[in-house]
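Notes for the one structure printed next.
The values are calculated or read from the model by the stated rules, or taken from the named source; none is laboratory data. The structure presented is a predicted model; accordingly, all values stated were derived computationally and were not measured. Every residue, glycine among them, receives a Cβ derived from its backbone with ideal geometry; neighbour counts consider all protein chains shown. For the accessible areas, the whole protein counts, side chains as well, though only heavy atoms, and no ligand, DNA or RNA atoms are used. Shrake-Rupley method; radii C 1.70, N 1.55, O 1.52, S 1.80 Å.
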10 protein chains.
Amino acid sequence: MLYCVEMDVHIPETWSEEKLKDYITREQQTSQKYQKSGKWVYLWRVAGQYSNISILDVESPDELHQILTELPLFPYMTMKVKSLCKHPNAIRETML
Amino acid sequence: MLYCVEMDVHIPETWSEEKLKDYITREQQTSQKYQKSGKWVYLWRVAGQYSNISILDVESPDELHQILTELPLFPYMTMKVKSLCKHPNAIRETML
Amino acid sequence: MLYCVEMDVHIPETWSEEKLKDYITREQQTSQKYQKSGKWVYLWRVAGQYSNISILDVESPDELHQILTELPLFPYMTMKVKSLCKHPNAIRETML
Amino acid sequence: MLYCVEMDVHIPETWSEEKLKDYITREQQTSQKYQKSGKWVYLWRVAGQYSNISILDVESPDELHQILTELPLFPYMTMKVKSLCKHPNAIRETML
Amino acid sequence: MLYCVEMDVHIPETWSEEKLKDYITREQQTSQKYQKSGKWVYLWRVAGQYSNISILDVESPDELHQILTELPLFPYMTMKVKSLCKHPNAIRETML
Amino acid sequence: MLYCVEMDVHIPETWSEEKLKDYITREQQTSQKYQKSGKWVYLWRVAGQYSNISILDVESPDELHQILTELPLFPYMTMKVKSLCKHPNAIRETML
Amino acid sequence: MLYCVEMDVHIPETWSEEKLKDYITREQQTSQKYQKSGKWVYLWRVAGQYSNISILDVESPDELHQILTELPLFPYMTMKVKSLCKHPNAIRETML
Amino acid sequence: MLYCVEMDVHIPETWSEEKLKDYITREQQTSQKYQKSGKWVYLWRVAGQYSNISILDVESPDELHQILTELPLFPYMTMKVKSLCKHPNAIRETML
Amino acid sequence: MLYCVEMDVHIPETWSEEKLKDYITREQQTSQKYQKSGKWVYLWRVAGQYSNISILDVESPDELHQILTELPLFPYMTMKVKSLCKHPNAIRETML
Amino acid sequence: MLYCVEMDVHIPETWSEEKLKDYITREQQTSQKYQKSGKWVYLWRVAGQYSNISILDVESPDELHQILTELPLFPYMTMKVKSLCKHPNAIRETML
């Protein structure tokens, strides 16, 4: 099942450069692990904002929650989650 | 260039069944024409709502505007448009 | 999979008493059909408002969408849809 | 009487890992005490968010307030409280 | 149990003067019936707005819903409902 | 003249237990001083929230401002202030 | 006592030119009657919007409500009402 | 003096094709008259929406109001008006 | 030209009493300097809130910006700025 | 391609005067570098607010993102980004 998730990142201003880099490195590792597994299908940056729009294809809502909360920056992100389904006008069957 | 567009449809309550069917048929034709051309890459229904989330891959903002305003239901939709770019953590090059 | 759906009803002011009654009767039939099937687990009225809060247990987002759009009043309702999963503190296994 | 309560958790970024664990442990104890007593009927996680949706069955608004403020994380949660009543279309009598 | 209810009235612009007067007369009758019974404790106009703030003292959420939906203007009002309880600093016991 | 004031309290997370207790004690003293004088007519807790709804009967807007800003927690509260007047349907003359 | 009132006008699209002119004429008469009496102290247009910002100096909230509801366009305006008092930094005593 | 104005157009659904065309033609004439005079400096479409963002260079707030209200579609547009001034980092003097 | 400015003050909770007093004293000096010069025409407190509503009569948007940013508390205030012009129903010419 | 970007600046209250000056100096350098290159076409201050409205003319959404994130104050700004295209009523071809 597909979800569209919009993630807005809010880094605490008290973080040092190193702390931020460490988080960003680990964020990348977790994000890419799930992209490689095929669970995290798309990941785009919203132009001009510290936000991304992602498409995830998971087994269950519990798996979605497990993936997102595994992200090191999860506590510092505002999440908008939308559950997706097939649109009657869609001609593409892939990914659904 | 990629856009993520969220479209919420608000059908006027005065429309007859036929008028609505006619609009939906023509909406489908326009939507599928651009899906077939590769401009309208993804089209998903938001579960439980008369809304969709779409990914469009166009030449310019003008082309995006031309495609969306060609939709018969355009005057009856609220649009949220986000301009997308490459995310540093993304591993997939396709579609960008 | 579970969803929490909040539905706010907005009846067009142009409807006659009969039209409203007809819709309400058919709304009840559809709603109770899915309650009896076990898909629509709970249905509560929000006190003082023409709104309800519902818990649905469905096979997929597509099934959720199919049930909600089958409701005659669907075009006249604003839907807030939340995808639910297991809470680590929950002691009850039923319904999940 | 029934309430639907949506709780969004905002952990201060200054907390140490231990402090957070301590709070989470005590939060779980309070939450499960009231689940076992039958007052806290359902507790679900909203997928992808540090939020829950709960159904409580209490004697009075004062009891609801006493239970929620007993939660150690109460000062760090945004609460949306809805008072529920019987829906005319509901077929289930349990819990009401 | 006490509720604070804020009601914003939105009269359809298509109503004739007579229709409006008829509604206002019947609204007054219902409102005063419940004020006399002691259920509708206070009713104030918000200065400069077609809104009121009311305090109701009812047996249950179901009774609150029954009273408010009996108002002829209920379909034309936006309701904000807050369930009230005793404040630790309150010195007055009356009405609670 | 009457005001309905909704106060949402936001305690800074850096406060010690003692500091909080001291504030709450002094808050109570100020609040009860004005309740006893008849200026602060009603004070209710909103169930499940660190908020109250209050009815104040004062001589002027300046007196309202003086009372509210005398509260030790005033800098930590979000205030919604509504000026009230007589409702044409109200049957009770007291307090107005 | 002073109030700042922001009024946004929403003319129904079904009104004829004459009906609108008639309303605007009568609106002007009522507005100027209270300006001349000294109750409606200032009346400004918000540049580029069908809105005004007004300062009224009235005896009571009831008088404010009576004046505003006497305006023919009252049912077609959204009102934001703020009760004003003396600012400690203000050097001007007039109008207060 | 410069203003940035964002205009969102909401065409009533009851309008015929001719009525809409007539309005759009007259809207264009007024808009271009002020572009030619140099008052309406820039006019852009927001991609994917029936909205524009405009930069106007006028003598006074009254002139801004006069220009915008001369637009035939003014009653059907929601306006967001921002008064602009020189930015300390701006290197361009033209238009200011 | 006239502006209506609404200023909401948010004092950081880390400030000492002295720091706050120092800011308030300097705020008063700046505010009164411009009131005496006739630029800052009116200054009112919003009853019950740490906010003010002000009317300023300035030469240009740049002068408005210069005055407001000269206020010591400017970085701690949320500003809502409205550009005002003459209302067709206004009978008073003063100040415009 | 053109973008309209509205940037609201929120300086952390913990910053020293020097730190702020250093950021503002570097912000100016980056901003002026792109103004000189012709990418950052216009930069205006919103009167009375720590905000700006900017028009950027870039090659791609990625370039927009690269420019904005190069600003030292980027992490302390809220960005509203609008993708612009040609308006049918626009008479000016420059910059598009």
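Data overview
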item: Qualifying residue in the range A:62-73 (condition: in contact (Cβ under 8 Å) with a residue 12 or more places away in the chain and hydroxyl-bearing (Ser, Thr, Tyr)); result: no
item: Some residue of the range I:34-57 being touching a helix residue (DSSP H, G or I) at 6+ places or on another chain (Cβ under 9 Å) and on the phi > 0 side of the Ramachandran plot; result: yes
item: Residue match in the range B:74-92 (condition: in contact with an Asp or Glu (Cβ under 7 Å, 6 or more places away or on another chain) and surrounded by 19 or more Cβ atoms within 10 Å (Cβ to Cβ)); result: yes
item: Only one of D:Thr25, D:Thr30 that is surrounded by fewer than 16 Cβ atoms within 10 Å (Cβ to Cβ) and polar (S, T, N, Q); result: D:Thr25
item: Any hit, the range B:32-45, residues being β-branched (Val, Ile, Thr) and within 24 Å of J:Leu84 (Cβ to Cβ); result: yes
item: Any hit, the range D:77-94, residues being more than 14 Å from chain A (Cβ to nearest Cβ), β-branched (Val, Ile, Thr) and under 30 Å from A:Ser16 (Cα atoms); result: no
item: Flag if G:Met7 is in contact (Cβ under 8 Å) with a residue 60 or more places away in the chain and open to solvent by 10 Å² or more (accessible area, probe 1.4 Å); result: no
item: Those residues of the range D:1-24 which are under 18 Å from F:Ile11 (Cα atoms) and hydrophobic (A, V, I, L, M, F, W, C), in sequence order; result: D:Met7, D:Val9, D:Ile11, D:Trp15
item: Criterion violated by I:Trp44 - all others in (1) farther than 12 Å from I:Leu2 by Cβ; (2) hydrophobic (A, V, I, L, M, F, W, C); (3) in contact (Cβ under 8 Å) with a residue 40 or more places away in the chain satisfied; result: (3)
item: Matching residues, the range J:31-64, being more than 14 Å from chain A (Cβ to nearest Cβ), of a type in the set (Ser, Thr, Tyr) and either under 20 Å from J:Tyr76 (Cα atoms) or touching a strand residue (DSSP E or B) at 6+ places or on another chain (Cβ under 7 Å) (or both); result: J:Ser31, J:Tyr42, J:Tyr50, J:Ser51
item: F:Asp57 in contact with a Leu (Cβ under 8 Å, 6 or more places away or on another chain) and either under 17 Å from I:Gln49 (Cα atoms) or open to solvent by 30 Å² or more (accessible area, probe 1.4 Å) (or both); result: yes
item: Filtered residues of the range G:10-24 (kept if away from chain E (no Cβ under 13 Å) and either under 15 Å from the mean Cα position of the chain (by Cα) or among the aromatic types (Phe, Trp, Tyr) (or both)); result: G:Ile24
